1. With 10 angstrom as the radius, rank PHE49, PHE97, PHE145 by how many other C-beta atoms surround their C-beta, starting from the fewest.
2. Using semi-axes √(5λ) of the Cα gyration tensor in Å as the read-out, say which of (1) 50, 22, 19; (2) 37, 19, 14; (3) 40, 12, 11 was calculated from these coordinates.
3. With +1 on each Lys and Arg Cβ and -1 on each Asp and Glu Cβ, and nothing else charged, work out how big the dipole of segment 53-163 is about its Cα centre, in Debye to the nearest 20.
4. To the nearest 20 debye, what is the magnitude of the charge dipole of segment 47-104 about its Cα centre, counting +1 on the Cβ of each Lys and Arg and -1 on the Cβ of each Asp and Glu?
5. Looking only at Cβ-Cβ distances, which cysteines of the chain have no other cysteine closer than 4.7 Å?
6. Work through the residues other than VAL83 whose Cβ is under 11 Å from its Cβ and net out their charges, Lys, Arg +1 and Asp, Glu -1.
7. Give the distance, in whole Å, between the Cα centre of segment 89-119 and the Cα centre of segment 1-55.
8. Which peptide among 33-40, 84-91 comes first, and what is the full order, when sorted by highest mean count of other Cβ atoms within 10 Å?
Amino acid sequence: MSPDGSVWRELGQITTAVGRAMGVTLRNLARKPVTIHYPEEKRPYPERFRGVLALTYDPETGEENCIGCRLCEYVCPPQVIRVEMLKSEQRNYAKTFSLELYACEYCELCVQVCPTDAIVMLRTVDLATHDRRELLLDKDRLHAFGLQWEPSWATGNKLREMQAPPKAAKE
């Protein structure tokens, strides 16, 4: 034994740590579990939740909103968006639109820069899969997601309005 009592001090610290850990265990022993049996039960998402990306249609004309401007492709930090533009006489369209969702950072920059609100975030993350190739999304699948799930509150135009400086007070 050491004369300074460091062994007893360490033993006391270990006993105190084990006692605290057991106290936490005993306090939580009678608590109701927070486990949700997914997919039978679904966790409600918060009002401002933003999840998976999707493409939208114009509700009045039924045409796709994406004009193939490629702003989303340019601003994407991990560069997971690929767009090819198709020029038409009346307006431009996205010939192809692909998204590698497995590498997406969900930063929402693509939503913020979209001038036509063609790309939105949905209020879901329910895309669990065993195969990574299923997360390579093309234009048709992204449009289907937009019809299948509810979009979040944040579209590009709404986000830009929030970031605009306040209007001057009338004199």
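Taken together, the values in this text are just the output of simple stated rules run on the coordinates, not laboratory data. Only a predicted model underlies this, so the values are computations on that prediction, with no experimental measurement involved. In this analysis, Cβ positions are derived from the backbone assuming ideal geometry, glycine residues included, and neighbour counts consider all displayed protein chains.
1. PHE49, PHE145, PHE97
2. After the calculation, the listed value that fits is (1).
3. Numbers: 12 positive and 18 negative charges, 52 e Å.
In debye, rounded to 20, segment 53-163 gives about 240.
4. 240
5. CYS66, CYS69, CYS76, CYS104, CYS107, CYS114
6. Surrounding charge for VAL83 is +2.
7. 40
8. Numbers: 33-40: 7.5, 84-91: 10.1.
Going from most to least packed, we get 84-91, 33-40.
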